Amino acid sequence: MARMKAAQISKAGGDFEIVEREIPQPGPRQVRIKVEACGICHSDVLVKEGAWPGLQYPRVPGHEVAGRVDAVGSAVTAWKPGQRVGVGWHGSHDFECEACRRGDFGVCANGGITGVTRDGGYAEYMLAETEAVAAMPEELPSDEAAPLLCAGITVFNALRNAGARAGDLVAVLGIGGLGHLGVQYAQRMGFETAAIGRGADKQGLAKKLGAHHYLDATAGNPSEQLKKMGGAQVILATAPDSKAMAALMDGVKPGGKLMVIGASADPLQINGVDLLLWRKAVQGWPSGTAMDSEDTLRFSALSGVRPMIEKFPLSKVSEGYQQMLSGKARFRAVLTMAA
Ligand SMILES: [Zn+2]
Ligand SMILES: [Zn+2]
């Protein structure tokens, strides 16, 4: 049997282990992918530290996978060996729960998660269910495409479903792993784009990414500034900071929305009277399905949205993970596999 290298975690809180495993054989409805790059996402902490209920070890993390189809199962007709593809967080759905029967696969009650409930892309090869595979345009390099399969799709999908129309003022809170993509998508989607960051030093970057306005939260009150500009139709909250999010509600336009994609477990304290008087809404958005990934990749290729990345070979997975964890990565850490 041919063998491959993979980075696995074998117990909660354990270190990454580079191991040799047999290259897995695809089941009837599975696709085997030769991984070229896999992003390191903050959600990988769930696997590393065992925070996902019922998690089984050993587990190969990784849900920002870019590569090529290597082999397909007997029942797969949509994919061919050699095709460029990506796989994200959404790892499978059961086609049978109420959401699936209504065609809303993204909120399947029994959905699988790539690199969490099944092995992911911190490996030279991985298996994906056929419904979890997204086609990837030729012009996107794998290392830049990888973060678009989680960070990218989450931002893109949240923004396109938030109810803003071309020309509306959209603000992006935070200019990090998600936010630096959010600013690019918002501007490319035709919104008047305001980036909210901390410190004057972020202004140049925000403008370079496409922001029309930069609001420095350390020098002024972004909520008041947005209000003066007429209010934001949508505020995309990417920074995992419930206080900063709540403080922006006043900057949301009547009928507008605070869209939460920065994962913070802290309660979001919002004044209900403000919501009801001004018909404001708060909503969250969890990435999306393979088709949403495909839309994200195509739009990114078309409009020139690219993540800023730091690359690490698979053998340096611990360093890459530490860099992600430290918050110092500018802005997404990506594992690359040897050709
Ligand atoms: Zn992720
Ligand atoms: Zn389902």
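The values are calculated or read from the model by the stated rules, or taken from the named source; none is laboratory data. Computed from a predicted structure; not experimentally measured. When we count neighbours, we look across all protein chains shown, and the Cβ atoms used for this are built from the backbone with ideal geometry, even at glycine. Protein only, heavy atoms only, side chains kept; ligands, DNA and RNA dropped before computing areas. Shrake-Rupley method; radii C 1.70, N 1.55, O 1.52, S 1.80 Å.
Before moving on, here are some points about what is shown:
- Rolled with a 1.4 Å probe across the full set of protein chains, the surface gives Ser10 an accessible area near 50 Å².
- Rounded, prolate or oblate (a/c below 1.5 giving rounded, otherwise prolate when a/b exceeds b/c) for the range 179-269 by Cα gyration tensor: rounded
- Computed from backbone phi with θ = phi - 60° and the Karplus coefficients 6.51, -1.76 and 1.60, the 3J(HN,Hα) list for the range 43-48 is 5, 5, 4, 4, 7, 4 Hz; x is used for glycine and proline.
- With the cut-off at under 13 Å, measuring from each backbone N in the range 118-158 to a point 7 Å along the Cα-to-Cβ line of Arg298 picks out 134-138.
- Between Ala232 and Val252, Lys253, the built amide H atoms are under 5 Å apart, and every one of these is 5 or more places off in sequence or on another chain.
- Approximating the spin labels as points 7 Å out from Cα along Cα→Cβ, the Cys97-to-Met229 distance works out to 3.8 nm.
- For the range 164-235, chymotrypsin sites (Phe, Trp or Tyr not before Pro) are listed when DSSP marks them as loop and at most 11 other Cβ atoms sit within 10 Å of their Cβ; the list is empty.
- Of all accessible heavy-atom area on the chain, the percent that carbon and sulfur account for (1.4 Å): 51
- Which of Glu131, Glu139 is most accessible, then next, and so on - probe 1.4 Å: Glu139, Glu131
- R0 of 41 Å, Cβ-Cβ distance Asp201-Gln25: FRET efficiency to nearest 0.05: 0.20
- Between amide H atoms placed 1.01 Å from N, distances below 5 Å from Asp70 occur with Arg32, Ile33, Lys34, Gly82, all of them 5 or more places distant or on a separate chain.
- When each of Lys207/Lys257; Lys207/Lys280; Lys243/Lys316; Lys253/Lys328; Lys5/Lys311 is checked by Cα-Cα distance, pairs over 26 Å: Lys207/Lys280; Lys243/Lys316; Lys253/Lys328
- Value of [θ]222 nm, deg cm²/dmol, for the chain, DSSP H segments ≥ 4, -39500 (n - 2.57) each, nearest 500: -6000 deg cm²/dmol
- Of the GluC sites (Glu not before Pro) found in the range 1-108, the ones in coil according to DSSP and having at most 12 other Cβ atoms within 10 Å of their Cβ are Glu96.
- Placed amide H near His63: partners under 5 Å, 5+ positions off or other chain: Cys41, Gly121
- The chain: C-alpha gyration tensor shape, a/c 1.5 cut-off, then a/b vs b/c: prolate
- Of the chymotrypsin sites (Phe, Trp or Tyr not before Pro) in the range 35-114, the ones in a loop by DSSP (not H, G, I, E or B) with at most 15 other beta carbons within 10 Å are Phe95.
- Angle between the chain longest axis and helix 290-303 axis [Cα atoms, degrees, rounded to 10]: 60
- Within straight-line cross-link reach of Lys228, aspartates and glutamates at Cα separation under 16 Å, skipping those fewer than 8 residues along the same chain: Asp168, Glu192, Asp216, Asp250
- Area of Asp201 that stays accessible when all protein chains are in place (1.4 Å probe, Å², to 10): 130
- The stretch between Glu138 and Ser326 holds 64.4 nm of extra length on full extension. This uses 0.36 nm per residue minus the Cα-Cα distance.
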